[in-house]
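Q: After the structure tokens below, expect a handful of questions from me.
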Amino acid sequence: MVTAYDYSSAKYVDEAGVDTILVGDSVNMVVLGEDSTYSLTMDQTIHHCKAVKAGSNRAFVVGDMPFMSYQADVVEAVKNAGRLLKEGKVDAVKLEGGKRMVPQVQAIVNAGIPVLGHIGLTPQTLSQLGGYRIQGKTSADAITLYDDALALQEAGCFGVVLESVPETVATEISNRLEIPTIGIGAGAGCDGQVLVYHDLLGIFDDFTPRFVRRYANLKPIITDALQAYHADVEARAFPAEEHIYQMKDEEKSKFLSEINQHDIF
Ligand code: KIV
């Protein structure tokens, strides 16, 4: 699984053969420039989901439910999950939280909408967790995580994302669940892995979590290209002959003479 937020990035991920695209609420940080995921709205999410869906022919597309689109009320959760499918055209939704989200998961699944769970470090409860901290570091916390994973499985989730948990905890949970786990900062024992597109490609460098492997370093390549374009335009080296549309000679002389006449009157 890789995140994508627009038509072109979705096409790249889809054509690379990745199974699943997540329209993550990380869009709020890596695309919209906010310092957390909190302020993202349903309308913004739908806007990005539609673009991603347009760029993906093959991959399964999951839309992330934004903060406060499902936490307060079960009916609202079902309606908003429905909007992500109807208007955003995604195949499934993801929401954060363990046991306490069971009523929401059950209701959304009962409405016929597949749900991916997300536990461990859940950015939508960052204030409660006290920041970006590894979760499940003590045995007691790890058992709570396992109970959360079991509760999500029981409630009908088709899979669960495990974010920033020790490898042993993620591996043991993965081995015991019947549904697949997708890890991010959770080690190699998960059934699948997810990374944020901009992290994986080295586009976003405001901060880089330890669990990220950069498979490319595109930022300097993009910067070099933009600087070269800027320099070419200033030096009038772009556009060149091959970029220019020409008129037939006859129309050109007619036009030049007519425009000069035009100026006189
Ligand atoms: O929003 C996101 O990108 C995510 C992944 C990191 C799992 O939730």
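The values are calculated or read from the model by the stated rules, or taken from the named source; none is laboratory data. Everything numeric here is computed off the predicted structure, so don't read it as measured data. A quick note on method: Cβ atoms are made from the backbone with ideal geometry, for glycine too, and the neighbour counts reach across all protein chains shown. Side chains included, ligands, DNA and RNA excluded: accessible areas come from the protein's heavy atoms. Shrake-Rupley method; radii C 1.70, N 1.55, O 1.52, S 1.80 Å.
Q: Would you say residue 263 is modelled with pLDDT under 95 and either of a type outside the set (Ser, Thr, Tyr) or under 17 Å from residue 26 (Cβ atoms) (or both)?
A: Judged against the criteria, residue 263 is a match.
Q: Let me ask another. Between residues in segment 1-26 that are within 13 Å of the ligand (Cβ to nearest atom) and residues that are modelled with pLDDT of 95 or more and open to solvent by 40 Å² or more (accessible area, probe 1.4 Å), which pairs lie under 6 Å by C-beta distance while being six or more apart or on different chains?
A: 5/31; 20/60
One line per residue, one yes/no per condition, for (1) touching a Leu at 6+ places or on another chain (Cβ under 8 Å); (2) free of Cβ contacts under 8 Å to residues at least 24 places away in the same chain; (3) under 20 Å from residue 75 (Cα atoms); (4) crowded, with 17+ Cβ neighbours inside 10 Å:
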{"site": "98", "(1), (2), (3), (4)": "yes, no, yes, yes"}
{"site": "130", "(1), (2), (3), (4)": "no, yes, no, no"}
{"site": "141", "(1), (2), (3), (4)": "no, yes, no, no"}
{"site": "181", "(1), (2), (3), (4)": "yes, no, no, yes"}
{"site": "190", "(1), (2), (3), (4)": "yes, no, no, yes"}
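Q: While we're here: Evaluate segment 217-238: report whether one residue or more is under 30 Å from residue 3 (Cα atoms), away from the ligand (no atom under 15 Å from the Cβ) and not in a helix (DSSP H, G or I).
A: Yes, there is a match, as at least one residue in segment 217-238 is under 30 Å from residue 3 (Cα atoms), away from the ligand (no atom under 15 Å from the Cβ) and not in a helix (DSSP H, G or I).
Q: Could you check how many residues of segment 30-45 are in contact (Cβ under 8 Å) with a residue 24 or more places away in the chain, in a helix (DSSP H, G or I) and open to solvent by 10 Å² or more (accessible area, probe 1.4 Å)?
A: Going through segment 30-45 one residue at a time, the tally reaches 2.
Q: What are the residues in segment 148-205 that are among the charged types (D, E, K, R), part of a helix (DSSP H, G or I) and within 13 Å of the ligand (Cβ to nearest atom), if any?
A: Of everything in segment 148-205, just one residue is among the charged types (D, E, K, R), part of a helix (DSSP H, G or I) and within 13 Å of the ligand (Cβ to nearest atom), namely 199.
Q: What tally of residues in segment 243-265 results from selecting those that are part of a loop (DSSP other than H, G, I, E, B) and among the hydrophobic types (A, V, I, L, M, F, W, C)?
A: Residues in segment 243-265 being part of a loop (DSSP other than H, G, I, E, B) and among the hydrophobic types (A, V, I, L, M, F, W, C): 3 in total.
Q: Here is a further query. One residue is enough: does segment 82-97 have a residue meeting the conditions assigned to a helix (DSSP H, G or I), among the charged types (D, E, K, R), closer than 18 Å to residue 21 by Cβ and touching a strand residue (DSSP E or B) at 6+ places or on another chain (Cβ under 7 Å)?
A: no
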